[in-house]
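The values are calculated or read from the model by the stated rules, or taken from the named source; none is laboratory data. These numbers were taken from a predicted model, which means no experiment stands behind them. Glycine gets a Cβ as well: all are built from the backbone with ideal geometry, and neighbour counts include every protein chain shown.
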């Protein structure tokens with residue numbers, strides 16, 4: 001082992017040790033709640049010169065440890081939790097996605113896409129399918145990544161290259177997708193809550209980063225394609241596939257029954273999309289705002305993004321389930337929803353503590369104070385806006401090495417980043433886009449990411465000696481290129497003034 005690789009492994013070991021000592025995100029939120037209470041009591045005794053833009057008066061920190069404040073907190077605890085915006089957003093979307101996933105519709109669609117791809121286009125298709133799989137939450141990790149290894153191996157290519165390409169798409173390009181998914185309204189809801197610390201009336205569209213995410217798909221596919229074929233696979237040419245033949249998974253073709261079910265389920269989804277478009281086209285459509293606009297916040301269609309995601313996955317999932325035989329009765333359909341909710345149980349627990357923390361953070365006025373004072377500090381540094389955004393991206397990528405959950409990190413960082421940058425005239429939409437970019441880029445090089453050990457196991461099926469270092473060495477080039485080129489891409493996208501998404505702006509307040 002060279003001194004450089006030895007240093008790298010020591011550094012990564014240090015990251016792993018530090019990360020393993022961090023408590024669970026739910027405990028972090030509980031701890032932060034107590035910190036907010038204590039700070040509110042201490043700082044309520046001081047007078048600050050920072051001017052609250054909501055009132056035009058000096059910021060006053062509210063003491064949350066008074067008898068009245070604690071009584072109010074206890075009386076509102078249930079409402080704080082049940083009224084937590086991200087909770088309903090995620091659960092409703094996952095009910096529909098869960099049916100599509102557990103019926104086999106999503107896995108069948110992914111298999112068909114990869115099965116019919118020419119060998120010359122295999123790598124970009126694997127990366128693209130991996131990116132699209134974000135729509136079904138964990139489907140990319142449990143299906144696309146191992147399936148990519150199987151298909152590469154079946155076509156005479158190195159299976160680890162296929163796994164690396166899929167991992168780069170699923171995790172490294174996590175925020176790139178041209179299909180809206182549950183993660184969009186989830187992060188938007190955190191962004192809106194954070195922005196309302198400064199502007200209580202602000203509304204953020206759930207698809208505020210959709211255009212940028214869609215355009216980013218092409219970039220991530222291009223990066224994954226080039227690195228896999230020109231860098232990673234040539235490097236693997238001397239790595240022998242020595243896995244146990246009986247443990248190497250085989251590529252299972254879809255049965256005639258599954259193929260027929262997939263065809264009709266896909267037609268159902270297409271019919272749903274066409275029906276939605278037909279409903280939106282007439283100027284008298286009930287899905288339009290009173291002034292006839294489709295993209296204003298008053299338009300019912302903009303308020304129905306999550307229910308639409310629910311229906312566009314629920315209906316094809318039901319059709320596939322019953323036609324393929326994976327659903328024998330309506331109970332099986334309900335069971336698939338139950339399984340989806342079981343998978344969200346941890347998120348619900350985390351959301352409870354997160355909701356209490358965000359509410360206390362806002363009530364105390366600590367968020368407004370931190371944002372205004374932080375913004376004044378940044379203004380004093382006189383850094384260009386683009387430098388500030390690059391700083392947010394790289395800071396997020398670093399924090400991601402220790403805290404893997406995208407929503408958990410944004411729940412913690414959003415109330416700081418969003419109001420602070422609003423004071424610098426940077427919009428919440430742009431701040432969220434920068435966060436999502438940084439969050440995606442370093443996913444594939446942190447052993448603390450929950451699925452990282454699983455990907456190591458996938459590799460060991462083909463190459464027994466594969467370890468964490470093997471996977472890290474494969475994925476590090478992807479992270480470096482994705483982080484660098486994607487940041488440049490965002491800056492160029494911004495400079496050209498291309499819309500980030502629906503009703504999204506680059507500046508605050510919107511001009």
- Task: Could you check residue 156 against (1) in a helix (DSSP H, G or I); (2) more than 13 Å from the chain's Cα centre (by Cα) and say which number it fails?
- Result: (1)
- If we keep just the residues of segment 1-41 that are modelled with pLDDT of 90 or more and over 26 Å from residue 422 (Cβ atoms), which is farthest from the chain's Cα centre (by Cα)? 41
- Message: It is to be established whether one or more residues within segment 65-75 are at pLDDT below 80, surrounded by 17 or more Cβ atoms within 10 Å (Cβ to Cβ) and on the phi < 0 side of the Ramachandran plot.
- Response: no
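Just to be sure before I move on: is residue 123 touching a helix residue (DSSP H, G or I) at 6+ places or on another chain (Cβ under 7 Å) and either surrounded by fewer than 24 Cβ atoms within 10 Å (Cβ to Cβ) or modelled with pLDDT under 80 (or both) in the structure I sent? Quick ask: steps written out before the conclusion?
Working: touching a helix residue (DSSP H, G or I) at 6+ places or on another chain (Cβ under 7 Å): yes; either surrounded by fewer than 24 Cβ atoms within 10 Å (Cβ to Cβ) or modelled with pLDDT under 80 (or both): no.
No: the conditions fail for residue 123.
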- Note on the structure: Here the residues within segment 425-439 that are closer than 21 Å to residue 361 by Cα and not in a helix (DSSP H, G or I) are 427
- Query: Does residue 454 fit the bill of being within 23 Å of residue 171 (Cα to Cα), under 24 Å from the mean Cα position of the chain (by Cα), surrounded by fewer than 17 Cβ atoms within 10 Å (Cβ to Cβ) and free of Cβ contacts under 8 Å to residues at least 60 places away in the same chain?
  - Reply: no
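To keep it simple, each residue is scored yes or no on (1) within 29 Å of residue 445 (Cβ to Cβ); (2) assigned to a loop (DSSP other than H, G, I, E, B).
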residue	(1), (2)
473	yes, no
478	yes, no
482	yes, no
487	yes, no
490	yes, no
493	yes, no
501	yes, yes
505	no, yes
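Does segment 189-209 contain any residue that is over 24 Å from residue 150 (Cβ atoms) and free of Cβ contacts under 8 Å to residues at least 24 places away in the same chain? Steps first, please.
From segment 189-209, those over 24 Å from residue 150 (Cβ atoms) are 189-209; that's our starting set.
Retained after the next criterion (residues that are free of Cβ contacts under 8 Å to residues at least 24 places away in the same chain): 201.
The answer is yes; a qualifying residue exists.
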- Message: I need the full set of residues from segment 24-38 which are buried (at least 19 other Cβ atoms within 10 Å of the Cβ) and within 12 Å of residue 361 (Cα to Cα), in order please.
- Response: 29, 32, 33, 36
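Can residue 223 be described as modelled with pLDDT under 85, closer than 30 Å to residue 164 by Cα, touching a helix residue (DSSP H, G or I) at 6+ places or on another chain (Cβ under 7 Å) and surrounded by fewer than 24 Cβ atoms within 10 Å (Cβ to Cβ)?
On the way: modelled with pLDDT under 85: no; closer than 30 Å to residue 164 by Cα: yes; touching a helix residue (DSSP H, G or I) at 6+ places or on another chain (Cβ under 7 Å): yes; surrounded by fewer than 24 Cβ atoms within 10 Å (Cβ to Cβ): yes.
For residue 223, the condition - modelled with pLDDT under 85, closer than 30 Å to residue 164 by Cα, touching a helix residue (DSSP H, G or I) at 6+ places or on another chain (Cβ under 7 Å) and surrounded by fewer than 24 Cβ atoms within 10 Å (Cβ to Cβ) - is not met.
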